[in-house]
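Below you'll find the structure, written out as structure tokens, and then a few comments.
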Amino acid sequence: MKDAVYANPFESLGPFAFNDDVASVFPDMIRRSVPGYGQLVGGAGLLAARHAQPNSHLYDLGTSLGATALSLSRHVRTPGTRIQAIDNSAAMIERARGLLVEGRTAQDCPVDLIEGDVREVALENASVTCLNLTLQFIPVEQRDALMTSIFEATQDGGILILAEKVTFEDPEHAQWVQEVYWDFKRANGYSELEIAQKRSALEDVLIPETPEVHEARLRKAGFRTVRVWFQTLNFMAWVAIK
Ligand code: GEK
């Protein structure tokens, strides 16, 4: 279904929420809003297949409709692995259930869909954790604690795959990238009204940080290796190895 959530003028614009209206158009919304989204999802599966360890958990935190979990499930063939796909939006989890049933085959790695808050769910015995465009929705002051809990739950040699919308320290760079990003949205059919209304709705909900801040947090949590594996405009992804 086509995303038209912000197509008409809102009298009073509330904060962006992952409700049923958003869940019902999410595949179209994310494809038209995140440059390289398909590569982020596909790449997570490849990285997970390389780093998954036998008899461990693979976490997809903030799974939305389960696209990343499904990619992991299709690629990972390591014995004894189980994917736990977690999201705190009931609307997302409800729709993800149907899509995951349709999308998986018998030899794919099993997936448990869990409605829960990634800040509260107990994580354990992880060899791969994905935070694919999810950390940006966690209040900034709570991000270190989440990163530490992921690090503590990760086995030696295990990885975190982190993808985020970012901003840049240099104001000119930040402004340029923001403008090219709006060009990308226009080119994907979003009107000026849609772009402006979505931007206001996301203002205090999606808080991007700089690449330097993300990398420092990953190292502070304890990850010994931090590598960029993807970047397009203001979207970046890292793999962090314990
Ligand atoms: C994908 N990873 O398609 N606990 C659990 N879930 C949360 C929390 C939280 N505290 N906060 C936000 N979410 C997906 C895309 S979307 C990215 C991820 C985007 C969930 C929220 O409900 C939403 O489903 C997801 O994080 C972010 O690969 O919309 O830009």
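The values are calculated or read from the model by the stated rules, or taken from the named source; none is laboratory data. Every value quoted in this text rests on a predicted model; they were computed, and no experiment measured them. Don't worry about glycine lacking a Cβ; one is built from the backbone with ideal geometry, like all the others, and counts go over all protein chains shown.
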Of the numbered conditions (1) loosely packed, with under 14 Cβ neighbours inside 10 Å; (2) at pLDDT 95 or above; (3) under 19 Å from the mean Cα position of the chain (by Cα), Glu179 satisfies every one except a single condition; which is it? (3)
Within the range 214-242, work out how many residues are surrounded by fewer than 16 Cβ atoms within 10 Å (Cβ to Cβ), of a type in the set (A, V, I, L, M, F, W, C) and assigned to a helix (DSSP H, G or I). 1
Residue under question is Arg119, and the condition is that it be part of a helix (DSSP H, G or I) and either of a type in the set (Lys, Arg) or in contact with a Pro (Cβ under 9 Å, 6 or more places away or on another chain) (or both); does it hold? no
Within the range 81-108, take every residue that is within 25 Å of His51 (Cβ to Cβ) and of a type in the set (Ser, Thr, Tyr) and give me the one that is surrounded by the most Cβ atoms within 10 Å (Cβ to Cβ). Thr81
Got a sec? Which of Val140, Val166, Val111, Val118 is exposed (fewer than 14 other Cβ atoms within 10 Å of the Cβ), of a type in the set (Val, Ile, Thr) and touching a residue at least 12 places away in the same chain (Cβ under 8 Å)? Val140
Residue check, Ala201 modelled with pLDDT under 95, among the small types (Gly, Ala, Ser) and crowded, with 16+ Cβ neighbours inside 10 Å: yes
Being in a helix (DSSP H, G or I) and closer than 15 Å to Leu61 by Cα is the filter here; which residues of the range 75-105 pass it? Ala90, Met92, Ile93, Ala96
Here are some conditions: (1) under 19 Å from Gly62 (Cα atoms); (2) within 16 Å of the ligand (Cβ to nearest atom). Asn125 meets all but one. Which one does it not meet? (2)
Residues of the range 1-17 being within 12 Å of the ligand (Cβ to nearest atom) and either of a type in the set (Lys, Arg) or in contact with an Asp or Glu (Cβ under 8 Å, 6 or more places away or on another chain) (or both), in sequence order, are Asp3, Val5
So Ala106 ticks every box in (1) away from the ligand (no atom under 14 Å from the Cβ); (2) touching a residue at least 40 places away in the same chain (Cβ under 8 Å); (3) among the small types (Gly, Ala, Ser) but one. Which box is left unticked? (2)
Being more than 10 Å from the ligand (Cβ to nearest atom), closer than 30 Å to Ile195 by Cα, in contact with a Phe, Trp or Tyr (Cβ under 7 Å, 6 or more places away or on another chain) and modelled with pLDDT of 95 or more: is that true of Leu162 here? yes
If you go through the range 128-137 one residue at a time, how many are in contact with a Ser or Thr (Cβ under 7 Å, 6 or more places away or on another chain) and either more than 9 Å from the ligand (Cβ to nearest atom) or free of Cβ contacts under 8 Å to residues at least 12 places away in the same chain (or both)? 1
Considering the range 37-79 alone, what residues qualify as being of a type in the set (A, V, I, L, M, F, W, C) and free of Cβ contacts under 8 Å to residues at least 24 places away in the same chain? none
Of all the residues that make up the range 165-213, how many are assigned to a helix (DSSP H, G or I) and away from the ligand (no atom under 14 Å from the Cβ)? 25
If I ask for residues that are of a type in the set (Ser, Thr, Tyr) and either closer than 9 Å to Val128 by Cα or within 15 Å of the chain's Cα centre (by Cα) (or both), which ones from the range 153-175 would you list? Thr154
Quick one: Met29 ticks every box in (1) within 8 Å of the ligand (Cβ to nearest atom); (2) over 20 Å from Leu202 (Cα atoms); (3) not aromatic (Phe, Trp, Tyr) except a single one, so which number is it? (2)
